[in-house]
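Presented below is the structure to which this report refers.
The values are calculated or read from the model by the stated rules, or taken from the named source; none is laboratory data. Predicted, not measured: the structure shown is a model, and the values here were computed from it. Cβ: placed from backbone, ideal geometry, glycine included. Neighbour counts: every protein chain shown.
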Amino acid sequence: LTINTTIAWLIATTYAFFMNKLVVFRSKDLHAKTLLIEGGEFFGARLFSWALETAGLNLMCKVLGFEAMTFAFVVTNGAATVFQIPLTGFAFSKLCMLVITTVSNYIFSKFVIFRKKAKPEADKEVAE
């Protein structure tokens with residue numbers, strides 16, 4: 001990785017963390033301890049999804065041989081082809097891995113990083 005790519009990834013991931021935290025999952029706890037824990041989990045999940053994508057692309061392109069293939073998405077109206085989008089094997093593999101990593105990132109964010117934490121018993125009594 002180049003320095004510029006690393007800096008861009010850090011900025012983009014930091015932005016994604018705060019957008020996911022505040023807008024998508026509405027996690028309003030901004031205490032330093034919570035930010036460090038959630039931030040660490042978020043960056044860890046993004047590193048995992050990067051590794052998943054890299055491994056998946058290698059599997060699909062190198063092991064399964066998709067790189068040498070051509071794929072096409074075809075839309076028809078029943079009688080004729082409306083349009084057709086040709087894809088290289090790499091582009092098809094990248095598209096597949098994009099879907100997998102997006103779902104993976106959502107699952108980690110929703111059910112691990114920004115999950116609703118149960119309030120401790122002492123907090124529940126005060127609230128009542």
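For Ser27, the criteria (1) in a loop (DSSP other than H, G, I, E, B); (2) without any contact (Cβ under 8 Å) to a residue 40 or more places away in the chain; (3) closer than 23 Å to Arg115 by Cβ hold in every case but one, which is (2).
In a residue-by-residue description of segment 8-20, the property of being outside any helix (DSSP H, G or I), surrounded by 11 or more Cβ atoms within 10 Å (Cβ to Cβ) and either in contact (Cβ under 8 Å) with a residue 40 or more places away in the chain or touching a helix residue (DSSP H, G or I) at 6+ places or on another chain (Cβ under 8 Å) (or both) applies to no position.
In segment 60-70, how many are under 16 Å from Ala91 (Cβ atoms) and in a helix (DSSP H, G or I)?
To start, the set of residues in segment 60-70 that are under 16 Å from Ala91 (Cβ atoms) comprises 60-62, 64-70.
Remaining after also requiring in a helix (DSSP H, G or I): 60-62, 66-68.
Of the residues in segment 60-70, 6 are under 16 Å from Ala91 (Cβ atoms) and in a helix (DSSP H, G or I).
Taking residues in segment 107-128 that are within 15 Å of Asp29 (Cβ to Cβ), and partners anywhere that are modelled with pLDDT under 75, the pairs with Cβ atoms closer than 8 Å and at least 6 places apart or on different chains are Lys119/Ala127. As a summary of the residue check, Leu35 satisfies the conditions (1) over 23 Å from Arg115 (Cα atoms); (2) surrounded by 10 or more Cβ atoms within 10 Å (Cβ to Cβ); (3) among the aliphatic types (A, V, I, L, M) except for the one numbered (1).
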